[in-house]
Amino acid sequence: MNHSLTLALLAAALTPLLAGADAAPRDRMTVANGGTPPQAAPTSLALNNASVAENQPPGAAVGTFTATNPNPGDTHTFTLVSGAGGADNASFTIAGAVLKSAAAFDFETRSAYSIRVRATDQGGLYLEQAFTVSVDKLNHVDLRTVVPPNIIIFMADDMGMGDAHPYFGKKLGTNAAPVATTQVTPNLDRLAGMGTLFTDVHTGSSMCSPTRYSLLTGRYAWRSYNKHSVIGGWNSRPMIAPNRPTLATALKQSGYRTAAFGKWHLGWTFLTKTGGTMAYDSVTSSTWASIPVGTNANGGYVTNILDGPLAHGFDYFFGVSGNLGNGRAHLLKSYIENNAIQGIPTWGERGGPSVADWDQQRTGERYLNTALGYIDTHVAQGSKAPFFFYYVPNANHAPYDPATSILVQGQTIPIKGQSRLTDGSAGGSREDMIYENNIAVGLLLDKLAKVNDPRTGRPMINSTIFIFTSDNGPNVYGVAQAGLRDKKQAIYEGGHRVPFMISWPDGGIPGGAVSTANFGLFDLYASFSALLGHKLGVDEAEDSENVLPALLNQVPGTQFRRPHLLVSHDNSLGSNDLPEDSPEDSPEDSPLATRPSRAPRIKRHPVNDLPGDSLLAIRQHPFVMISDGKLINRRQTSGANYGTTVPLKLFDLDADLHQDTTLLADPAQQPLVSQLKEQLLLFNNRGYSRELALTDYNQVLLSDGGADLRNDRTGAIGYEFTTGDQAVVVESLGLWDDAAVDMTGNELATKGDGQTAGVPDGLHTAHVIRLFDGISQQLIASITVNSANSYLVGEFRYVNLPKPIMLDKRKTYALTQSTASGDGDLFHHFASNTGVSPSPTSLVSNFVARVAASDGAYPGLYPDGPDGVGKRHPDMFRHRMFVGPNARLAPVLTGATPPASLILHYPTKAN
């Protein structure tokens with residue numbers, strides 16, 4: 001196994017050892033009066049920390065020694081008294097003041113080595129000191145030699161880093177104090193000992209539903225309809241749109257069986273007795289009767305769910321719709337298996353359906369037995385397919401109602417009253433629920449160690465990636481925060497920095513390692529895709545980055561940098577928190593962003609000095625900048641800053657992990673602030689943050705993007721764009737052709753997340769598509785498109801130009817489409833409420849949405865109306881486009897001779 005080496009100084013210097021203690025003092029220099037200087041050995045010896053990768057040639061530098069002495073001009077000679085060695089082939093030499101490797105390092109079993117160094121001055125006085133050579137283990141296993149791993153993601157609810165004992169004594173920041181107190185969680189210690197513990201992993205949001213969305217879709221949750229806070233449980237429409245790729249669908253395409261256990265909390269669509277569907281907000285005490293419940297002819301429960309986990313890539317689901325109670329109404333208190341409610345729920349007096357024998361203390365027990373049984377069945381069937389399961393218990397979300405004990409596969413395990421903290425104190429009901437999660441982790445690990453993987457004949461634990469994490473920070477203040485500022489719902493670190501540990505023995509992840517690598521849960525999508533060779537599409541996991549080198553501990557955490565900056569969001573604590581008489585917990589009904597008529601709540605958390613809004617935190621190590629919600633929350637009141645990034649705070653997390661001192665006004669940080677503002681605007685407006693690896697050159701827009709559909713403008717809509725580093729040829733002009741199933745009505749339509757996948761059904765009206773020079777505003781070409789004279793490429797309808805036109809490199813152009821209010825042909829608004837932008841080709845960039853009051857004029861920014869200039873910041877138009885017009889392109893390669901038919905100069909009039 002390969003590793004790198006990090007050297008750390010032991011605590012205190014040893015007592016100076018004088019050579020020949022009984023001998024007379026040596027004269028080291030003669031002074032003017034004939035006396036001798038005072039005798040003094042070196043007073044300190046230090047070794048500057050360094051690292052060396054395994055398999056470097058012998059002689060690689062590891063670190064540099066320094067010694068100090070109160071006598072000016074003293075020099076020192078360093079010698080190695082003892083230098084490790086032994087079976088692990090770790091030995092050292094000293095050349096001058098440099099510690100070097102004596103051989104290529106091969107650390108297989110040990111994680112620390114002791115060496116002893118002597119620093120001697122020219123007078124012969126010396127100091128000996130011991131050092132610990134610690135190993136920062138790295139992983140270079142050839143993953144092509146191992147079977148695709150089973151994958152288990154265990155995501156607890158509302159669990160902070162102080163709730164997990166592996167963080168006890170660890171530093172969460174460069175200058176932070178070690179975590180002083182945690183809960184005792186021996187099975188999490190066991191998992192961390194098998195793999196790598198991470199100290200700087202983040203959720204996509206500081207709240208529940210958005211985090212689940214971002215983990216499963218690889219997208220920032222504000223791109224969904226839910227801009228802020230959480231959705232309801234069963235009575236909310238799905239956050240994940242139909243046909244939206246998910247981690248589960250990607251793994252299924254790679255041959256995995258997929259299952260989910262526990263809390264879904266991403267919305268549902270119900271079937272009705274007449275075969276229709278029940279809208280999320282239509283399920284009431286009176287309409288509940290239209291949903292079929294009961295048993296079918298085979299004795300099972302009837303199918304009554306159209307959109308749940310099985311609609312988004314899972315083969316199997318057993319769990320609940322959302323949270324369990326908290327004194328809240330509108331909760332479906334019943335288990336759901338696959339697409340059927342288990343039992344016959346009736347509308348209860350508290351305002352929601354429930355089965356008669358509902359026992360919420362047993363939910364964790366039921367999830368765990370079902371998951372363990374799933375593994376047993378998988379093994380008994382001898383399945384040669386790997387499995388992915390997503391294990392998401394309700395614990396430790398409120399209500400804190402732990403069972404006295406749980407019965408798991410015949411074993412009775414006490415729960416209530418079993419939790420303890422490292423200071424010896426007993427935990428409460430919340431901590432008992434964390435203890436239950438700790439038990440669940442242990443029993444899952446036991447099962448994996450006991451059964452053999454049918455593919456390898458070896459214990460399944462070796463061929464399984466096991467991840468433990470949480471959906472957001474803790475829902476309480478105190479020990480659970482582990483010294484971070486704030487908690488769940490907050491945009492400060494305590495809201496979204498979460499426990500994260502991973503093991504995979506066959507994958508070479510070293511046991512007991514600690515990494516400071518910074519990434520997000522939403523990065524698991526791209527990382528597992530890279531591991532399995534699944535190529536991401538342009539409309540898939542748009543914000544997920546491949547962080548396998550960090551996950552597999554192939555590089556030191558201090559050297560790892562996520563390819564693009566990390567963003568987290570939400571901040572319900574500012575002014576949108578619970579009333580004073582409610583339990584200490586987050587709101588579980590629909591957020592203000594999707595319920596604009598709802599009155600704001602009472603502010604009750606003076607520790608949070610930020611507005612209760614859709615805030616963003618963007619991280620560029622070691623800095624994090626917090627901005628307000630005017631960029632992403634389109635339901636806000638309009639204003640001059642609407643649609644731009646407004647920074648609120650800037651922190652240096654290395655110097656100030658608790659985020660006490662903002663550097664936002666520091667003149668030295670203004671370039672960084674400007675850079676982060678622009679990055680947030682770019683990430684939000686264009687609809688993706690990762691590089692899409694675009695290779696298709698044949699259209700300006702590769703996809704139509706979001707479903708915010710309009711047919712309400714007379715004049716022309718379009719966009720400016722800029723060509724790249726090579727000239728391009730325009731071969732045809734066209735526009736997006738909607739389908740019969742598409743509808744106006746913005747993102748609240750059922751296809752609200754960019755899914756307008758219907759078959760185009762032709763144009764109701766002929767439209768003129770125009771191409772302009774963006775500098776001179778000269779019309780280059782125009783063409784009329786109707787259903788009869790055009791052809792389809794995907795969802796775009798085109799007409800070829802009489803002759804192709806070459807556009808110069810690095811120059812601005814504009815495309816427009818004529819439109820009339822109510823003409824029957826829809827277009828996408830430039831600022832889709834879902835945040836789903838179309839995928840552009842790699843040949844053009846720098847889009848700016850434009851509109852013309854009359855067709856034929858060069859388009860400008862919105863001149864009037866509710867979205868007009870003055871009511872929106874001009875930044876809102878950048879990196880966006882109406883869809884709208886399109887053009888088919890081809891690159892002009894450097895050095896190529898254009899064909900004679902190519903028009904190299906613009907026509908003097910439109911075609």
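The values are calculated or read from the model by the stated rules, or taken from the named source; none is laboratory data. What you are looking at is a predicted structure, and each value in this text was computed from that prediction instead of being measured. Cβ placement follows ideal geometry from the backbone for every residue including glycine, while neighbour counts extend to all protein chains displayed. All accessible areas refer to the heavy atoms of the entire protein, side chains included, with ligands and DNA or RNA removed. Shrake-Rupley method; radii C 1.70, N 1.55, O 1.52, S 1.80 Å.
In this structure the amide hydrogen of T43, modeled in the peptide plane, comes within under 5 Å of the amide hydrogens of T68, N69, none closer than 5 places in sequence on its chain. Compactness ratio for segment 163-214: Cα radius of gyration over 2.2 N^0.38 Å (N = residue count) comes to 1.32. Phi-derived couplings, Karplus 6.51 cos²θ - 1.76 cosθ + 1.60 at θ = phi - 60°, listed residue by residue for segment 294-303: x, 9, 9, 5, 8, x, x, 7, 6, 5 Hz, with x used for Gly and Pro. A 1.4 Å probe over all protein chains sorts T404, T203 by accessible area into T404, T203, starting with the largest. Shape call for segment 381-435 from the C-alpha gyration tensor, a ≥ b ≥ c root eigenvalues: rounded (a/c under 1.5), prolate (a/b greater than b/c) or oblate? The shape class here is prolate.
If each residue of separation counts as 0.36 nm, what is the full-extension length gain between N789 and S845 once their alpha-carbon separation is subtracted? Spell out each step's value before the answer.
Values: separation 56, 0.36 × 56 = 20.16 nm, distance 2.93 nm.
My answer for the length gained is 17.2 nm.
Full extension of the chain segment joining I344 with N800 gains 158.1 nm, where the gain is 0.36 nm per residue of separation less the Cα-Cα distance. Counting charges near P178 (Lys, Arg +1; Asp, Glu -1) among other residues having Cβ under 9 Å from its Cβ returns a value of +2. Along segment 509-524 the Karplus relation, 6.51 cos²θ - 1.76 cosθ + 1.60 evaluated at θ = phi - 60°, assigns HN-Hα couplings of 5, x, x, x, 7, 10, 10, 9, 4, 10, 7, x, 4, 5, 7, 5 Hz to successive residues, with x for each Gly and Pro.
Under 5 Å from the amide H of Q122 lie the amide H atoms of T75, each residue being 5 or more positions distant or on a separate chain, with H modelled from the backbone and absent for Pro and chain starts.
Using a probe of 1.4 Å on the protein chains alone, the accessible area found for F92 is around 10 Å². The calculated FRET efficiency for the pair A180 and Q620, based on their C-beta separation and a Förster distance of 35 Å, comes to about 0.75. For the pair S821 and T43, how long in nm is the line joining their label points, each one 7 Å along Cα→Cβ? The two pseudo-label positions are separated by 8.4 nm. Phi-derived couplings, Karplus 6.51 cos²θ - 1.76 cosθ + 1.60 at θ = phi - 60°, listed residue by residue for segment 463-473: 9, 10, 7, 10, 10, 10, 7, 9, 7, 5, x Hz, with x used for Gly and Pro.
Cβ-Cβ distance of A766 and E678, R₀ of 35 Å, FRET efficiency by 1/(1 + (r/R0)^6): the value works out to about 0.30. For an R0 of 51 angstrom, estimate the FRET efficiency from the Cβ-Cβ distance between A356 and K100 and round to the nearest 0.05. Efficiency computed from Cβ-Cβ geometry: 0.10. You can think of it this way: the chain between D446 and S425 has 4.8 nm of extra reach, that is 0.36 nm per residue less the Cα-Cα gap.
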